[in-house]
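Q: To start, I am sharing the structure in question, which I have written as structure tokens.
The values are calculated or read from the model by the stated rules, or taken from the named source; none is laboratory data. Not measured: the values here are computed from a predicted model. For neighbour counting, all protein chains shown are included, and Cβ atoms are generated from backbone atoms with ideal geometry for every residue, glycine included.
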Amino acid sequence: MSAPDRNRDRAGLLWVLPALGFYACFVLYPLTQTARYSLYDWNGIGEATWVGLRNYLTVLTDSTLRDSVVHALILIVFFTVIPVSISLLAVAAMGRLRTGAFVSAARTVLFLPQIIPLVGAAIVWTWMYSDQGAVNQVLRAVGLSGLARPWLADFGTALPAVGLIGSWVSTGFCFVLLMAGTGKIDPALYEAARLDGANATQEFRHITLPGLRNEIGVAATITTIAALSSFDIVYVATGGGPGFSTMVPGVQVIRLAFTTGEVGLGSALAIVLLVLVLAVVVPMQVFNRRARP
Amino acid sequence: MNRGTQIRERLILAAMMAISIVPFVGVLFTSLHPQGTVPAGISWPESPQWSNYLEAWSIGNIGQLLWSSTLIVLVVVPVGLLVCTMAGFALGHLRTPGRVLISTLFLAGLAVPFESAIVPLYYQAEALGTLNTRWAIILPMIGLLSPFGVFWMSAHFRGVPAAISEAARMDGAGTTRLFLHVHLPLALPAISTLALLQFISTWNQFLVASVLVDDPGLRTMAGALGAFQGQHRTDVVLLCAGAVTIMLPTVVLFLFLQRRFVTALLAGAVK
């Protein structure tokens, strides 16, 4: 390599600098500060007292805080497992026709929940779930009025109800993603399978499912991050209530830091949330990359 | 393809579409009832009150909200595109020293929940004097969106054959000219997709907007929608009218650019 070439390469650092500057100032530096706050007992205004890892101990032992982490894990079922399963079933049951006005209209409509802000989704569903809302209207119409209740205000149903808002938002996206994925599978594979006398289930298991591995991995990763770090939907629909029955780490961090004046404890929870997301997502990514052809 | 399969396919699509659309229809119908009433479920009002929208527009100060969100997006997106494209060029195309390390650093940022940075961002904005101004949203958003932007643009530049640059270098072009005259035009499709994705993320950003800015008139659309819900949660009809009015611009834009939106979101996911 000649000397001027090396110079040009080093100039690349200048090109990275602006983005790196924004990233360092508004993401990396704040993260180090969250880690620093997490070691103090601080109400946000007065003196901060060094407490070492005690805030982390509280996160792990306080039942309200620990439950919020458990709720985030439960939300994975609603944000990820349900949408991906429904989409897979729908894709499996459908033919392989991927064009036409009807299909493209469907793509548009299915993407609507993904385009509106999550706050909007939460508002829409808060009304659907309310005492007078559509969900109870349907139940009463089919003679199940015994089941009718204010879904988001009931301790037993609030968390699944909030979770289903997430299912509603993600399903269209996952479905369209998987539908696009099936279009990339070589049709010759299906013809060969049919010649070998494979039935629909075998076709799905041995061709469709492996062919969609990449798309499934992507859908699962994105929706899992959304589940663990959920904020908008929970904050607007229930604020974490009733009681703490729908409290998630995202909402709890804001509550601790800005409402109850426990900045240190909130920061410890924020770090636990970060570690949790990395612990779940990094293995998924490694698995995805390895699965790639 | 036989007829049976085609019918089954349409039934499945129709069912999935119905699930997506029914809640919107519910909100739309509800928003047309007389204010102060609580309509039963999804029901079309006897006399639709279209004036609810005019009132929601003025009570919610929607004109001002649109203006505020537009101002925020008009800074975040161009600056974000500029810095991410430059960094993507350096990391994906130039032989920048330490590019693997720097790329990994940005990649890790893809998994960072905004909640993990928001508390210090509040004290930072307070120290910078930007708290409760649009800058409190604009500056962090550029940083928070940079991991995906850099990742996206590097992936594009990595796919450009090195031979293209070598030819330009032979003609004596420096890095800046090479970028402006050769690579930028080639990158335009990738940049416009990123523009759309950064626009949606900023416009729909709720957490950053609601924590760092008190005045809904200085927030993004989603932040303002949250505030509107907080103030009018008891009047279901007005709340629905306001929600429809606030979401309408995004939905209209989406319907105009639907193909681009869907392609962008899918491409953004799979990369």
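Q: Looking only at residues that are outside any helix (DSSP H, G or I) and within 7 Å of chain B (Cβ to nearest Cβ) in region A:105-139, which one is farthest from B:LEU207 (Cα to Cα)?
A: A:GLN132
Q: Name the residue that is nearest to the other protein chains (Cβ to nearest Cβ), counting only residues in region B:131-154 that are polar (S, T, N, Q) and in contact with a Gly (Cβ under 8 Å, 6 or more places away or on another chain).
A: Across region B:131-154, the extreme among qualifying residues is B:SER146.
Q: Please specify each residue of region B:4-18 satisfying the condition of being at the interface with chain A (Cβ under 7 Å from one of its Cβ atoms) and under 28 Å from the mean Cα position of the chain (by Cα).
A: Listed by number, the residues that qualify are B:LEU13, B:MET16, B:MET17.
Q: Tell me, which residue of region B:19-38 that is facing another protein chain (nearest Cβ under 7 Å) and touching a residue at least 12 places away in the same chain (Cβ under 8 Å) is surrounded by the most Cβ atoms within 10 Å (Cβ to Cβ)?
A: B:THR30
Q: Further question on the same structure: Could you say which residue among A:THR182, A:THR157, A:THR171 is crowded, with 23+ Cβ neighbours inside 10 Å and either free of Cβ contacts under 8 Å to residues at least 40 places away in the same chain or of a type outside the set (Gly, Ala, Ser) (or both)?
A: A:THR171
Q: Would you call B:PRO140 farther than 30 Å from B:ARG177 by Cβ and modelled with pLDDT of 95 or more?
A: In short, yes.
Q: Which of the following residues is free of Cβ contacts under 8 Å to residues at least 24 places away in the same chain, surrounded by fewer than 21 Cβ atoms within 10 Å (Cβ to Cβ), under 22 Å from A:LEU278 (Cβ atoms) and within 9 Å of chain A (Cβ to nearest Cβ): B:LEU105, B:LEU110? Step through it out loud before you land on a result.
A: Numbers: B:LEU110 fails: free of Cβ contacts under 8 Å to residues at least 24 places away in the same chain.
B:LEU105 is the lone residue from the list that is free of Cβ contacts under 8 Å to residues at least 24 places away in the same chain, surrounded by fewer than 21 Cβ atoms within 10 Å (Cβ to Cβ), under 22 Å from A:LEU278 (Cβ atoms) and within 9 Å of chain A (Cβ to nearest Cβ).
Q: Kindly indicate whether any position in region A:82-104 is small (Gly, Ala, Ser), in contact (Cβ under 8 Å) with a residue 60 or more places away in the chain, in contact with a Ser or Thr (Cβ under 8 Å, 6 or more places away or on another chain) and within 12 Å of chain B (Cβ to nearest Cβ).
A: Yes, region A:82-104 has at least one match.
Q: Return the only residue of A:GLY21, A:GLY52 being surrounded by fewer than 17 Cβ atoms within 10 Å (Cβ to Cβ), part of a loop (DSSP other than H, G, I, E, B) and over 26 Å from the mean Cα position of the chain (by Cα). Write out each step before concluding.
A: Values: A:GLY21 fails: part of a loop (DSSP other than H, G, I, E, B).
The unique qualifying residue is A:GLY52.
Q: Given the criteria at pLDDT 95 or above, within 14 Å of another protein chain (Cβ to nearest Cβ) and exposed (fewer than 14 other Cβ atoms within 10 Å of the Cβ), does B:PRO78 qualify?
A: yes
Q: Of the residues that sit in region B:186-196 and are away from chain A (no Cβ under 12 Å) and of a type outside the set (Gly, Ala, Ser), which one is farthest from the chain's Cα centre (by Cα)?
A: Across region B:186-196, the extreme among qualifying residues is B:LEU186.
Q: I would also like to ask the following. Which residue out of B:THR70, B:THR85 is within 29 Å of B:ARG219 (Cβ to Cβ), of a type in the set (S, T, N, Q) and surrounded by fewer than 22 Cβ atoms within 10 Å (Cβ to Cβ)?
A: One residue alone meets the criteria, B:THR70.
Q: Would you say B:ALA162 is farther than 30 Å from A:VAL263 by Cα, surrounded by fewer than 21 Cβ atoms within 10 Å (Cβ to Cβ) and more than 8 Å from chain A (Cβ to nearest Cβ)?
A: yes
Q: Please enumerate the residues belonging to region B:202-244 that are without any contact (Cβ under 8 Å) to a residue 24 or more places away in the chain, more than 9 Å from chain A (Cβ to nearest Cβ) and under 18 Å from B:SER68 (Cα atoms).
A: Residue satisfying the conditions is B:ALA227 alone.
Q: Could you check, for region B:170-185, whether at least one of its residues is touching a residue at least 40 places away in the same chain (Cβ under 8 Å), more than 11 Å from every other protein chain (Cβ to nearest Cβ) and either crowded, with 23+ Cβ neighbours inside 10 Å or not charged (D, E, K, R) (or both)?
A: Checking region B:170-185: at least one residue is touching a residue at least 40 places away in the same chain (Cβ under 8 Å), more than 11 Å from every other protein chain (Cβ to nearest Cβ) and either crowded, with 23+ Cβ neighbours inside 10 Å or not charged (D, E, K, R) (or both).
Q: Is there a residue being more than 25 Å from B:SER192 (Cα to Cα), touching a residue at least 40 places away in the same chain (Cβ under 8 Å) and either more than 8 Å from chain A (Cβ to nearest Cβ) or among the aliphatic types (A, V, I, L, M) (or both) anywhere in region B:84-99?
A: For region B:84-99, residues more than 25 Å from B:SER192 (Cα to Cα), touching a residue at least 40 places away in the same chain (Cβ under 8 Å) and either more than 8 Å from chain A (Cβ to nearest Cβ) or among the aliphatic types (A, V, I, L, M) (or both): absent.
Residue by residue, here is whether (1) over 30 Å from B:ALA155 (Cβ atoms); (2) of a type outside the set (A, V, I, L, M, F, W, C) holds:
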| position | (1), (2) |
| --- | --- |
| B:GLU9 | yes, yes |
| B:ALA15 | yes, no |
| B:ALA18 | yes, no |
| B:THR70 | no, yes |
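Q: Is at least one residue of region B:145-164 at pLDDT 90 or above, of a type in the set (Val, Ile, Thr) and not in a loop (DSSP other than H, G, I, E, B)?
A: Yes, region B:145-164 contains at least one residue that is at pLDDT 90 or above, of a type in the set (Val, Ile, Thr) and not in a loop (DSSP other than H, G, I, E, B).
Q: Please return the ranges of helices (runs of 4 or more DSSP H) entirely within region A:190-293 where 1 or more residues are under 23 Å from the mean Cα position of the chain (by Cα) and either facing another protein chain (nearest Cβ under 7 Å) or of a type in the set (Val, Ile, Thr) (or both).
A: Numbers: elements: A:200-203, A:213-228, A:232-237, A:249-258, A:263-291.
Those helices (runs of 4 or more DSSP H) span A:213-228, A:232-237, A:249-258, A:263-291.
Q: Let me ask another. Exactly one of these conditions fails for B:MET247: (1) touching a Pro at 6+ places or on another chain (Cβ under 9 Å); (2) touching a residue at least 40 places away in the same chain (Cβ under 8 Å). Give me its number.
A: (2)
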